[in-house]
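Everything below concerns the one structure shown next.
The values are calculated or read from the model by the stated rules, or taken from the named source; none is laboratory data. These numbers were taken from a predicted model, which means no experiment stands behind them. Don't worry about glycine lacking a Cβ; one is built from the backbone with ideal geometry, like all the others, and counts go over all protein chains shown.
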Amino acid sequence: MTNPLSYYIKIYTNYDGSQLLIITGIILALMLTYSYWKTKSKELVLALLAGFIVSQVMFTLMVYIISLIGVGILPLVHLPFTAVKLLSLVNLGGLVDFYIEELAQKNFDPDHVTRMHFKLSLKHGVLALLLSVAAVPLIETPSLWLIIILGLGAVITVATNHLFARLLIVEK
Amino acid sequence: MSKKFNFKGFKLGKQNSDKASKSKKKKVTKNDVRVFLGKALRYVSLMILTVFILSVAYIALPKTETIIPDYRFDFTQEELQENRYILELQVKAQDEDQLDKKVEETKAIIQKRLYKAGADEVAITGYHFDNPTPDTDYYLYRYIQVYVKSNLTDSELNELIGVRNYLRLYLPKDDVDFENEENPYAEYFIENYNPTNVTLHDFRNVLIKRLPDSSGTETYFAIFKPKTFGDFKAFAEEHGGENIGFAVDESIYQLELPSTFKPDYTSTSSSSTKAEFTIGITQDARVAEITDIMFNSGVITLEYNVYESEALGAVTSPIKSTLFSFTLIVAMLLFGLYNYFIAKESFQTVFRNLFEIAFALAAVFSFLKFWYVPVNTTVLLFESLAVLLISHDFLHKSEGRLTRNLFIFVGAFLIYIFGFGYISLIGRDIAIMLIALSISEQISEYYITNMKSYLLND
């Protein structure tokens with residue numbers, strides 16, 4: 001049997017993976033350029049970069065761990081992956097918003113930025129879990145696992161995003 | 001007309017009625033007419049909107065045929081064919097150390113072909129027989145299983161999965177007489193040629209282009225673009241203007257290599273675009289598309305054959321309309337409860353947001369149902385949940401809203417453009433749903449504000 005880890009790593013390295021890398025690369029390039037143009041903050045750019053990439057790696061590891069407990073390879077794993085990427089974009093977009101808003105204040109307080117982002121991330125995490133819970137008892141097993149992956153993936157993604165925001169913007 | 005605007009006059013005593021009537025007549029101005037028309041238009045637009053919203057809700061919700069039995073609206077479920085192939089790969093014994101790598105490469109190329117051709121789901125795994133073909137001194141045999149869910153025809157699947165498509169150029173053997181009338185098929189036997197080193201590896205890509213042929217008919221041509229440092233350069237210099245054998249797997253035919261290769265390749269300029277190797281392939285667009293996929297998805301270095309193939313039948317999503325709607329309604333209720341009790345938003349905001357989201361999703365579902373667009377309800381449910389998840393930020397009015405929403409749109413659009421299979425589908429559908437959400441926000445704001453003022457007699 002194919003090693004599930006190699007299968008999921010292929011999502012990022014094969015044909016489908018190369019497409020995802022292009023998407024990720026363009027989105028990152030646009031987001032980082034815009035953020036740096038608006039804020040001139042290297043810390044923010046680093047936080048965005050680390051958050052986006054590490055959360056992607058964490059998602060892969062999570063799917064791998066789930067596959068280890070006997071779920072097998074899920075051909076539709078791209079569905080939660082794309083949804084979680086969009087959520088990550090919204091979440092990091094929020095961080096950029098808070099940073100720009102804080103820059104407009106007289107006294108720039110990075111702690112305030114990350115506190116606001118924590119609030120946003122908490123909301124995203126709780127909402128993702130709630131929506132997953134809504135779907136769990138209603139659908140058949142393969143889709144059920146996709147919904148669970150969506151919920152957990154969303155929580156892990158926003159948590160990773162916030163961790164790097166805190167680490168690189170406040171604790172620098 | 002004046003009487004209609006004279007309603008305040010009824011409050012006056014009889015003694016003043018003439019005076020009042022005169023004064024009221026004076027007050028019927030253009031402005032009054034404008035106000036009246038404005039109110040009338042508002043009522044009409046509210047009526048139309050109410051009818052529209054109720055119709056959309058009727059079409060979008062399941063089991064509404066129990067209310068009006070003559071009209072039934074259900075999702076047209078996308079029907080996909082499931083197929084399973086088992087391929088027997090032959091690995092040369094001398095390549096045993098690269099066995100895993102070559103098998104993985106083969107799987108990746110077949111997967112790439114299928115996704116490019118529009119397959120919805122592809123899973124390729126190793127396969128173990130109880131009685132496989134035993135390994136020999138020359139070949140090792142390995143098996144892979146290809147599971148595919150798609151709308152592709154059997155012949156397309158057979159070509160994409162079962163054909164290796166390995167290109168090699170050959171030279172005719174000197175001792176074979178291809179002009180012999182007693183053996184007119186001599187040019188179609190691969191034994192009558194000597195293989196050369198030039199293979200598909202020596203071309204950086206194969207461009208499929210529609211061009212007029214010698215008779216003026218539009219035909220698809222395959223333009224082989226050679227690599228700068230590949231073997232084809234030397235081959236073309238040596239054999240330009242000669243007949244060569246053009247073989248894909250075991251089928252071969254003869255063609256004349258243009259002599260124009262020589263001047264182009266001996267030129268010191270780096271441009272070699274005019275020295276491309278071109279052959280006519282077909283007039284059928286779909287065949288040309290499949291040929292494009294076959295030539296440009298990578299080179300399979302292993303020989304293989306289809307050991308077993310099986311059509312598993314048609315499948316639809318197991319999530320039916322009722323279950324789909326019920327799940328979504330529960331999710332929206334939870335979303336509303338979270339915003340009201342935990343995010344501490346006002347009842348008005350929560351209601352407005354839910355109305356906007358419900359209206360947008362219902363409008364999209366109604367469109368899909370009304371025009372019988374085939375959908376996969378599992379994917380649609382997933383997309384709806386994703387839109388619900390990001391809708392709060394999308395609708396939240398703040399300074400950075402335009403930028404944030406632009407990012408989401410750009411993200412969804414990029415996923416649509418660069419994605420494949422379901423990923424591209426999700427990008428497109430989420431972008432459409434977000435556009436519907438933006439329109440719904442404007443309509444809902446107008447509807448709720450005006451309906452509220454109408455109901456409160458404001």
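Quick rundown of the values:
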| read-out | value |
| --- | --- |
| The stretch B:52-108, residues that are within 14 Å of another protein chain (Cβ to nearest Cβ) and within 30 Å of the chain's Cα centre (by Cα) | B:Pro62, B:Glu78, B:Leu80, B:Glu82, B:Asn83, B:Arg84, B:Val103, B:Glu104, B:Glu105, B:Thr106, B:Lys107, B:Ala108 |
| Lone unmet requirement of (1) out of contact with any strand residue (DSSP E or B) (no Cβ under 8 Å at 6 or more places or on another chain); (2) within 14 Å of chain A (Cβ to nearest Cβ) for B:Ser346 | (2) |
| When residues of the stretch B:318-337 are limited to those that are of a type in the set (Gly, Ala, Ser) and more than 8 Å from chain A (Cβ to nearest Cβ), the one farthest from B:Ser366 (Cα to Cα) | B:Gly336 |
| When residues of the stretch B:350-387 are limited to those that are over 29 Å from B:Ser150 (Cβ atoms) and within 14 Å of another protein chain (Cβ to nearest Cβ), the one surrounded by the most Cβ atoms within 10 Å (Cβ to Cβ) | B:Ile357 |
| Any chance B:Tyr220 is hydroxyl-bearing (Ser, Thr, Tyr), at pLDDT 85 or above and either within 20 Å of B:Thr301 (Cβ to Cβ) or out of contact with any strand residue (DSSP E or B) (no Cβ under 6 Å at 6 or more places or on another chain) (or both) | no |
| Only listed residue being loosely packed, with under 14 Cβ neighbours inside 10 Å and in contact with a Leu (Cβ under 8 Å, 6 or more places away or on another chain), chosen from B:Tyr422, B:Tyr454, B:Tyr447 | B:Tyr454 |
| Residues that are without any contact (Cβ under 8 Å) to a residue 40 or more places away in the chain and at the interface with chain A (Cβ under 7 Å from one of its Cβ atoms), drawn from the stretch B:417-426 | B:Phe418, B:Gly419, B:Ile423 |
| Condition broken by B:His396, with the remaining ones in (1) away from chain A (no Cβ under 14 Å); (2) at pLDDT below 80 satisfied | (1) |
| Test result for B:Thr403, more than 14 Å from A:Thr82 (Cβ to Cβ), in contact with a Phe, Trp or Tyr (Cβ under 9 Å, 6 or more places away or on another chain) and among the polar types (S, T, N, Q) | yes |
| Filtered residue count, the stretch A:75-130, keeping only those that are facing another protein chain (nearest Cβ under 10 Å), without any contact (Cβ under 8 Å) to a residue 24 or more places away in the chain and polar (S, T, N, Q) | 1 |
| Test set (1) under 28 Å from B:Gln81 (Cβ atoms); (2) crowded, with 16+ Cβ neighbours inside 10 Å - B:Phe335 fails condition number | (1) |
| Flag for B:Leu414 being out of contact with any Phe, Trp or Tyr (no Cβ under 7 Å at 6 or more places or on another chain) and in contact (Cβ under 8 Å) with a residue 24 or more places away in the chain | no |
| Selection count where residues are part of a loop (DSSP other than H, G, I, E, B), surrounded by 19 or more Cβ atoms within 10 Å (Cβ to Cβ) and under 24 Å from the mean Cα position of the chain (by Cα), scope the stretch B:299-328 | 2 |
| Criterion (farther than 21 Å from B:Leu414 by Cα, modelled with pLDDT under 80 and either more than 9 Å from chain B (Cβ to nearest Cβ) or crowded, with 19+ Cβ neighbours inside 10 Å (or both)) met by exactly one of A:Ile23, A:Ile11, A:Ile66 | A:Ile66 |
| Any hit, the stretch B:71-82, residues being closer than 30 Å to B:Val287 by Cβ and loosely packed, with under 15 Cβ neighbours inside 10 Å | yes |
| Tally of residues being in a helix (DSSP H, G or I), over 12 Å from B:Met433 (Cα atoms) and not polar (S, T, N, Q) across the stretch B:382-407 | 10 |
| Number of the exception - B:Leu114 against (1) over 30 Å from B:Glu242 (Cβ atoms); (2) touching a residue at least 40 places away in the same chain (Cβ under 8 Å); (3) more than 14 Å from chain A (Cβ to nearest Cβ) | (3) |
| Exclusive hit being at pLDDT 85 or above and surrounded by 13 or more Cβ atoms within 10 Å (Cβ to Cβ), set B:Phe178, B:Phe261, B:Phe203 | B:Phe203 |
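Conditions (1) surrounded by fewer than 16 Cβ atoms within 10 Å (Cβ to Cβ); (2) modelled with pLDDT under 75; (3) not aromatic (Phe, Trp, Tyr), marked per residue:
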| position | (1), (2), (3) |
| --- | --- |
| B:Ser17 | yes, yes, yes |
| B:Lys27 | yes, yes, yes |
| B:Lys39 | yes, no, yes |
| B:Thr50 | yes, no, yes |
| B:Ile59 | no, no, yes |
| B:Ile68 | yes, yes, yes |
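Matching residues to (1) touching a residue at least 40 places away in the same chain (Cβ under 8 Å); (2) under 30 Å from B:Tyr115 (Cβ atoms); (3) out of contact with any Ser or Thr (no Cβ under 6 Å at 6 or more places or on another chain); (4) buried (at least 17 other Cβ atoms within 10 Å of the Cβ):
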position	(1), (2), (3), (4)
B:Arg168	yes, yes, no, yes
B:Tyr188	yes, no, yes, no
B:Asn194	no, no, yes, no
B:Val198	no, yes, yes, yes
B:Ser214	no, no, yes, no
B:Thr217	yes, no, yes, no
B:Ala236	yes, no, yes, yes
B:Asn243	yes, no, yes, no
